């Protein structure tokens, strides 16, 4: 008894639809391999299920790219033209961004300013002032960190009966931080022997960090 004719329409039940796809995919893959062997045909088969699962078969004698190139040659359809146009458009955008960044760099160095308006010059000046403020704050943090590290090392050496400690005129330490019109921060330290019996052999020393 033969099978009844199946009506070709979308299978509504998702489970049955997936089962049918798996079975027929296996069948069409088998037919593609048979065509390759029996008829010496060049076959390229690409499938995507409704869930996005990818399946393919390509004859061993060819590659997918060669099949696409052959298809373009025979059909006269350029498969890559739209892709090339999108790449060219993206390249032009990147070039424009690059040129804009280079122009901003030159302007921050005081070059290429002739075409700027008063408002643009004021904006550039404000940006430079903001950048300078950030740099000065970073510089101050760096100096402060270095001075604290140095002070800790010297104190650790003094506590361990080392040769030197931080001291001022009364035997402790003296530090001075100066900031005048955006000038460098200056930290001054005086090193003197922490061992009384070493005063004759060593003098005091002034260290300055700028």
Original post:
Can you spot a residue in region 13-26 that is at pLDDT below 95, loosely packed, with under 12 Cβ neighbours inside 10 Å and assigned to a loop (DSSP other than H, G, I, E, B)?
Top reply: yes
**OP:** Answer yes or no: is there a residue in region 69-81 that is at pLDDT below 90, assigned to a helix (DSSP H, G or I) and within 35 Å of the chain's Cα centre (by Cα).
**Re:** yes
**OP:** Could you grab the pairs with beta carbons closer than 9 Å, sequence gap of 6+ or different chains, first residue in region 128-156 and within 30 Å of residue 107 (Cβ to Cβ), second one modelled with pLDDT under 90 and in a helix (DSSP H, G or I)?
**Re:** 128/108; 131/108
**OP:** Kindly check whether there is at least one residue in region 57-65 that is in the same structural domain as residue 29 (by TED's automatic domain parsing) and part of a helix (DSSP H, G or I).
**Re:** yes
Subject >> Scope region 98-120; condition within 22 Å of residue 130 (Cβ to Cβ) and either within 20 Å of the chain's Cα centre (by Cα) or outside any loop (DSSP other than H, G, I, E, B) (or both); matching residues >> reply: 100, 101, 102, 103, 104, 105, 106, 107, 108, 118, 119, 120
Original post:
Has region 55-69 got at least one residue that is closer than 30 Å to residue 15 by Cβ, in contact with a strand residue (DSSP E or B) (Cβ under 9 Å, 6 or more places away or on another chain) and surrounded by 13 or more Cβ atoms within 10 Å (Cβ to Cβ)?
Top reply: yes
Original post:
What are the residues in region 39-53 that are part of a loop (DSSP other than H, G, I, E, B) and either closer than 13 Å to residue 64 by Cα or not assigned by TED's automatic domain parsing to the domain that holds residue 71 (or both), if any?
Top reply: 42, 43
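The values are calculated or read from the model by the stated rules, or taken from the named source; none is laboratory data. This is a predicted model, so every value here is computed, not measured. Backbone-built Cβ (ideal geometry, glycine too); neighbour counts: all protein chains shown.
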